[in-house]
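Undergrad: Below is a structure I'd like to ask you about.
The values are calculated or read from the model by the stated rules, or taken from the named source; none is laboratory data. All values derive from a computational prediction rather than experimental measurement. Backbone-built Cβ (ideal geometry, glycine too); neighbour counts: all protein chains shown. Quick note on the areas: whole protein, heavy atoms, side chains included, nothing else; ligands and nucleic acids left out. Shrake-Rupley method; radii C 1.70, N 1.55, O 1.52, S 1.80 Å.
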Amino acid sequence: MAVSEPSRSRDLDKLLLRPGHIIGPNFEPGPELREAIKESVKVLVVGAGGLGCELLKDLALTGFPNLDVIDMDRIEVTNLNRQFLFRLEDVGKPKAEVAAKRVMERVNGVNITPHFCRIEDKPLDFYSDFNIIVLGLDSIEARSYINGVACGFLVGTRLSYDSDDNPRDETVKPMVDGGTEGFKGHARIILPGTTPCFECTIWLFPPQVKFPLCTLAETPRTAAHCIEYAHLIKWDEVHSGKSFDPDNPEDMQWVYSEAVKRAELFGIPGVTYSLTQGVVKNIIPAIASTNAIISAACALETLKIVSDCSKTLSNYLTYNGVEGLHTKVTEFVRDKDCLVCGPGVLIELEKSVTLKKFIDQLEDHPKLLLTRVSVSHRGKNLYMQAPPVLEEMTRSNLDLPLFDLMGGISKDIVHVNGMAGKGDKKQSCLRKLRVVFRGIDGVTDIDMAGGA
């Protein structure tokens with residue numbers, strides 16, 4: 001009599017097919033739940049680097065057969081020591097495409113759709129196709145953008161609130177965010193409107209270090225000072241009019257050589273080619289084992305959110321393996337006035353205000369400071385800065401009253417995106433606005449909870 005092989009989902013079945021003591025309130029065990037995850041749940045993985053490779057593998061093995069992955073980078077030789085899905089012959093190829101191909105070769109029944117592009121290149125309704133978004137990023141700006149998308153900027157699934165300021169379940173787009181730096185890492189869940197979003201706890205991420213030019217030019221004290229001197233000062237002196245290309249090996253070698261000369265002149269040790277790459281390209285140090293630990297936590301939380309088979313993390317896990325091994329879970333509190341996951345920034349207007357005047361006001365608003373603004377309402381583009389064809393199509397709306405463009409309703413949510421900040425510190429962002437027109441139908445409740 002032939003002995004049947006154990007099912008690949010045997011351990012997963014123990015979680016999904018029978019009840020337990022720490023389950024979520026909506027958990028309904030049974031084969032139907034397992035099949036629903038296979039057939040209906042779509043997961044988007046953002047990032048296909050060291051952490052992203054681990055996430056794709058873990059999610060595929062955790063029973064999620066419908067995955068998408070988006071990444072704008074190509075594979076470099078320096079990736080191969082920790083991004084295990086890539087080989088030497090893959091150098092120069094898109095990370096998303098190669099990672100998807102490798103996981104599908106190893107895990108039967110999994111379909112992964114790669115997207116080789118910037119996250120901003122996708123239309124906002126692209127993200128509405130997914131039940132949950134899992135982040136494996138090393139960029140604060142990219143996290144902030146996806147956070148803004150999930151916290152209320154999706155056509156048809158925007159985050160909205162009831163009369164008690166509680167988020168409506170059907171409008172919540174869950175996120176699981178992982179990050180690593182050397183022997184340290186974090187895993188967190190973001191349930192917009194319930195747990196803190198990325199913007200609520202932006203203070204957890206320290207600002208990137210920038211060196212004063214006077215220090216670089218006159219009193220360097222570290223190897224990084226020497227490297228940045230060669231990169232920011234010496235390069236322009238020697239290569240007037242030529243831009244430095246961090247992906248060009250010849251340009252990087254030149255900066256390294258000049259940094260070595262600078263270090264020898266001031267008796268500073270420690271300049272290496274790999275350090276030069278790290279400083280110039282702002283590379284965050286990564287260790288494969290840390291990626292694996294954080295990815296495992298993220299994959300488990302994704303399963304728990306989707307199935308309710310266990311209570312989720314509440315809500316921020318940190319891992320530190322620098323000296324021994326330490327993990328800690330912290331429950332951060334959501335900022336109810338958050339510009340991203342909150343009900344929105346209140347804007348009071350007269351009926352006669354045109355769309356153009358409304359856009360101009362956003363540039364001077366102390367909470368927004370937005371330029372190059374695009375505006376949408378209930379999924380309809382009122383004005384788009386780009387691409388040129390959409391700008392031309394929507395340009396005629398600029399001279400029309402916003403009240404008329406919004407269908408003559410007294411108050412509603414308007415979504416805008418553009419560049420936020422001052423000077424050279426601007427970055428792409430999405431914002432939610434509560435627009436209220438004065439004197440319409442006796443409107444007095446200007447602090448509306450979530451729009452129509």
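Undergrad: Where does each of 216, 204, 33, 325 land when they are ordered by accessible area, with a 1.4 Å probe and the largest first?
TA: In descending accessible area the options line up as 325, 204, 33, 216.
Undergrad: Out of the stretch 335-366, which GluC sites (Glu not before Pro) are coil in DSSP terms and have no more than 14 other C-beta atoms within 10 Å?
TA: Of the GluC sites (Glu not before Pro), the ones in loops of the stretch 335-366 whose Cβ has at most 14 other Cβ atoms within 10 Å are 350.
Undergrad: How far is it, in nm, from the label point at residue 331 to the one at residue 42 when both lie 7 Å from their Cα along the line to the Cβ?
TA: Between residue 331 and residue 42, the simple spin-label model gives 3.5 nm.
Undergrad: In deg cm²/dmol and to the nearest 500, what is the mean residue ellipticity at 222 nm of the chain if only DSSP H runs of at least 4 residues count, each as -39500 (n - 2.57), divided by the residue total?
TA: Only helices count here, giving -8500 deg cm²/dmol.
Undergrad: Also, quick follow-up: Would you please name the trypsin sites (Lys or Arg not before Pro) within the stretch 75-122 that are DSSP coil residues with at most 14 other C-beta atoms within 10 Å of their C-beta?
TA: Sites meeting the loop and neighbour criteria: 87, 118.
Undergrad: Kindly state, to the nearest 0.05, the FRET efficiency for residue 349 paired with residue 128, given R0 = 35 Å and r defined as their beta-carbon distance.
TA: Step by step, r from the Cβ atoms, then E = 0.80.
Undergrad: Another question about this same structure. State, to one decimal in nm, how far the label point of residue 264 lies from the label point of residue 21, with both points 7 Å from Cα in the Cβ direction.
TA: About 6.9 nm separates the two model spin labels.
Undergrad: Which residues does a label at residue 247 reach in the stretch 20-54, if reach means a backbone N under 17 Å from a point 7 Å past the Cα toward the Cβ?
TA: 47-50
Undergrad: Tell me, what is the FRET efficiency for residue 427 and residue 222 to the nearest 0.05, using R0 = 25 angstrom and their Cβ-Cβ distance as r?
TA: It comes out at approximately 0.35.
Undergrad: For the stretch 253-302, give the percent of accessible area contributed by carbon and sulfur heavy atoms, probe 1.4 Å, rounded to a whole number.
TA: Carbon-and-sulfur percentage of accessible area, whole number: 64.
Undergrad: Which of the following values of Rg and Dmax of the Cα atoms in Å was calculated from the structure shown: (1) 24.8, 83; (2) 23.1, 73; (3) 26.9, 84?
TA: Recomputing Rg and Dmax of the Cα atoms in Å here gives the entry labelled (1).
Undergrad: Right, something else. Work out the FRET efficiency for residue 322 and residue 386 from their Cβ-Cβ distance, taking R0 = 51 Å, and round it to the nearest 0.05.
TA: E between residue 322 and residue 386, to the nearest 0.05, is 0.70.
Undergrad: Nothing charged except the Cβ atoms of Lys and Arg (+1) and of Asp and Glu (-1): what's the magnitude of the dipole of the chain about its Cα centre? Round to the nearest 20 debye.
TA: 380 debye
Undergrad: Could you grab the relative contact order for the stretch 262-327? Cα pairs under 8 Å, six or more apart, rounded to a whole percent.
TA: Relative contact order comes out at 13 percent.
Undergrad: Relative contact order (percent) for the stretch 1-108, with alpha-carbon contacts under 8 angstrom and 6 or more residues of separation?
TA: Taking the mean separation of contacting Cα pairs over the length of the stretch 1-108, I get 22 percent.
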